[in-house]
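S.K.: Structure incoming, see below.
The values are calculated or read from the model by the stated rules, or taken from the named source; none is laboratory data. Everything numeric in this text was worked out from a predicted model, so none of it was measured. Neighbour counts run over all protein chains shown; Cβ positions are idealised from the backbone, glycine included. SASA here: full protein model, heavy atoms, side chains in, ligands and nucleic acids out. Shrake-Rupley method; radii C 1.70, N 1.55, O 1.52, S 1.80 Å.
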Amino acid sequence: MGTITQSVDVEAPVSRTYNQWTQFESFPQFMEGVQEVRQLDDTHTHWVTEIAGVRREFDATITEQHPDERVAWRADSGPTHAGVITFHRLDDTTTRVTAQMDLDPEGFAEHAADKLGVLDARVKGDLRRFKEFIERRGTETGAWRGEVDRPGS
């Protein structure tokens, strides 16, 4: 299993940045290869992706969520992966968004992409596009400020 860690500094307050990230259905607008994300309920999402011609559908569970701090998830089906996005207030108008993901690639193409750094570059590009998306809009498309406590907490 590989770990990817990438960060981007966004010129937006932490609340606006976090609020936009909780709008999972907007992810196809800035995430390469993500065709659709449906929010099923407060803690479950359904994803449709197409990467290198391979279409996958999978469900994911939000395992922890704290406004303006973090959103963590794990895949329930499909390729094994989990991660956390953290939000760090740098000042009143700047937020550092850090993505840390653990991935267990499936199949030859995904293993090759992992070894060649393609997956790392994709996460970096997705964060850069998220930055451009929220900065260009000047406001979030919505917000979900609910709490999800880590299992066993």
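S.K.: Go through (1) at pLDDT 95 or above; (2) in contact with a helix residue (DSSP H, G or I) (Cβ under 8 Å, 6 or more places away or on another chain) one by one and return the number of the condition Ile62 breaks.
M.R.: Among (1) at pLDDT 95 or above; (2) in contact with a helix residue (DSSP H, G or I) (Cβ under 8 Å, 6 or more places away or on another chain), Ile62 violates only (2).
S.K.: Based on what the data block shows, is Gln6 open to solvent by less than 50 Å² (accessible area, probe 1.4 Å) and within 14 Å of Gly146 (Cα to Cα)?
M.R.: The answer is no for Gln6.
S.K.: Examine segment 80-91 for a residue that is aromatic (Phe, Trp, Tyr) and in contact (Cβ under 8 Å) with a residue 40 or more places away in the chain, and state whether such a residue exists.
M.R.: Looking for residues that are aromatic (Phe, Trp, Tyr) and in contact (Cβ under 8 Å) with a residue 40 or more places away in the chain, one finds at least one in segment 80-91, hence yes.
S.K.: From the residues in segment 25-54 that are assigned to a helix (DSSP H, G or I) and open to solvent by less than 20 Å² (accessible area, probe 1.4 Å), which one is nearest to Asp102 (Cα to Cα)?
M.R.: Phe27
S.K.: Also, quick follow-up: Look through segment 55-78, keep the residues that are touching a Lys or Arg at 6+ places or on another chain (Cβ under 7 Å) and without any contact (Cβ under 8 Å) to a residue 60 or more places away in the chain, and return whichever of them is surrounded by the fewest Cβ atoms within 10 Å (Cβ to Cβ).
M.R.: Gly78
S.K.: Right, another one. Can you tell which of Ala121, Ala99 is modelled with pLDDT under 95 and within 21 Å of Val10 (Cβ to Cβ)?
M.R.: Ala121
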